[in-house]
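Below is one structure, written out as structure tokens; comments come after it.
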Amino acid sequence: MECVKCKMESLDFPLIKYKKLSKSQIIISVDRLTRFKPTEEKYLRVFSDIILSSLTEPRLKKSEIFDMKFSLIRDIATEIFNGSLDEKNTDLSINEQLKIYENSVFNLNSNTKELLDNKLNYKSAIKLIDKNTDVLNLLWLKNLSGNTDIIKLRQQSGFLYPIEKVVIAEGITEEILLPVFSEKCGYDFNKNGVKIIAAGGKNQVVKLYYKLSEELKLPIFVLLDKDAESNEELINTKLRKQDEVYLLESGEFEDLLPKKLIIKTVNSEFKNFVKIGTEDLDTGLSTVKTLEELFKEKCLHEFKKAEFAQRVKQQIKSPDDVSDELKKIINYIENF
């Protein structure tokens, strides 16, 4: 593997030696730098990974890298990144767009801003990205330029970025289905920059809200199950004026699924084994408990929320498949 030696005028040591990054390493680095993650966290991770994987002289340990000035970490990683690209380019318009975007989303300190003030050769790097990629942040990046109207670009292409709102939900079902329901009601999350995050349970919602409310400038909409009143109270103690908490009027998110949609899903997916009707769902139990018992009784495989949500997703065809409370939630998200 080719080694490259170069002089770094701004470094404490004037000469470094490194092996070039591979194409996949360059693409992974670009991907990670443009994900929806705290700026300092992702930039330090990517820059340190670049240095650790490629720098051969001097050899640095991870602990030594994190003891360095951010500007020095940035400059070494930038030299390696740019030196690994065959095509040189001094156009920093994408860097400026990313700098503006990160500053609009996250609360940044002066050290973190130094990481953003880099000269990474994005123009050449994005040419390595597969034209058929479906990774939204990479699609967005490939379409950025100095004169890009990034809001118009998102509205036309549905790239999600730049993100303008965050929705925190308890579980994976909401993350899978809420954007689909919303799109059928005329409000496309990706075109309007709405990022939904599953916290992994109601107790994790509070922790995630506390964390994001410190890190983000963006408004946050928190969606909680009906039985999460105590979590709502905890969030309200630190609720920012631009944020909102919504407590479901009935049960949990699965209880908002229209019965006809559930019946359509089960009968479509298991048409060779079972056919159900409204009477099979009128048990007095929650939707999840009802489906768990139904799957067991009909000798279907174990009921799993994420798998069932993916099946439901395929059956959502129009606003008629969206319950009234779901429409109410979507309206809140659109207008808060």
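The values are calculated or read from the model by the stated rules, or taken from the named source; none is laboratory data. Keep in mind it's a predicted model, so treat the numbers as computed, not measured. Counting neighbours? That spans all protein chains shown, and the Cβs are built from the backbone with ideal geometry, glycine included.
The single condition among (1) modelled with pLDDT under 95; (2) under 22 Å from the mean Cα position of the chain (by Cα); (3) buried (at least 17 other Cβ atoms within 10 Å of the Cβ) that Leu216 does not satisfy is (1).
Identification of helices (runs of 4 or more DSSP H) wholly contained in region 132-200 with 2 or more residues that are of a type in the set (A, V, I, L, M, F, W, C) and surrounded by fewer than 22 Cβ atoms within 10 Å (Cβ to Cβ) yields 136-142, 150-157, 172-184.
Considering only residues in region 217-243 that are charged (D, E, K, R) and part of a loop (DSSP other than H, G, I, E, B), the one that is nearest to Ile100 (Cα to Cα) turns out to be Lys217.
Based on what the data block shows, is Lys289 assigned to a loop (DSSP other than H, G, I, E, B), outside the structural domain of Tyr210 (by TED's automatic domain parsing) and surrounded by fewer than 15 Cβ atoms within 10 Å (Cβ to Cβ)? Judged against the criteria, Lys289 is not a match.
A quick yes/no check of all residues on (1) farther than 19 Å from Phe36 by Cβ; (2) among the charged types (D, E, K, R):
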residue	(1), (2)
Asn95	no, no
Lys99	no, yes
Leu108	no, no
Thr112	no, no
Lys123	yes, yes
Ile129	no, no
Asn132	yes, no
Asn137	no, no
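Of all residues in region 300-323, exactly one satisfies the criterion of being of a type outside the set (A, V, I, L, M, F, W, C), in contact with a Lys or Arg (Cβ under 7 Å, 6 or more places away or on another chain) and in a loop (DSSP other than H, G, I, E, B), namely Ser318. Going through (1) under 30 Å from Ile197 (Cβ atoms); (2) touching a strand residue (DSSP E or B) at 6+ places or on another chain (Cβ under 8 Å) one by one, Val30 falls short only on (2).
If only residues of region 57-108 that are in contact with a helix residue (DSSP H, G or I) (Cβ under 9 Å, 6 or more places away or on another chain), of a type in the set (S, T, N, Q) and in contact (Cβ under 8 Å) with a residue 60 or more places away in the chain are counted, the one that is surrounded by the most Cβ atoms within 10 Å (Cβ to Cβ) is Ser84. Taking the listed residues Ser24, Ser48, Ser29, the one that is of a type in the set (S, T, N, Q), surrounded by fewer than 13 Cβ atoms within 10 Å (Cβ to Cβ) and part of a helix (DSSP H, G or I) is Ser24, with no other qualifying. If you check Lys275 against the conditions, is it touching a helix residue (DSSP H, G or I) at 6+ places or on another chain (Cβ under 9 Å), outside the structural domain of Val194 (by TED's automatic domain parsing) and in a loop (DSSP other than H, G, I, E, B)? Yes.
One residue alone among Leu85, Leu138, Leu44, Leu98 is more than 26 Å from Pro162 (Cα to Cα) and aliphatic (A, V, I, L, M), and that residue is Leu85.
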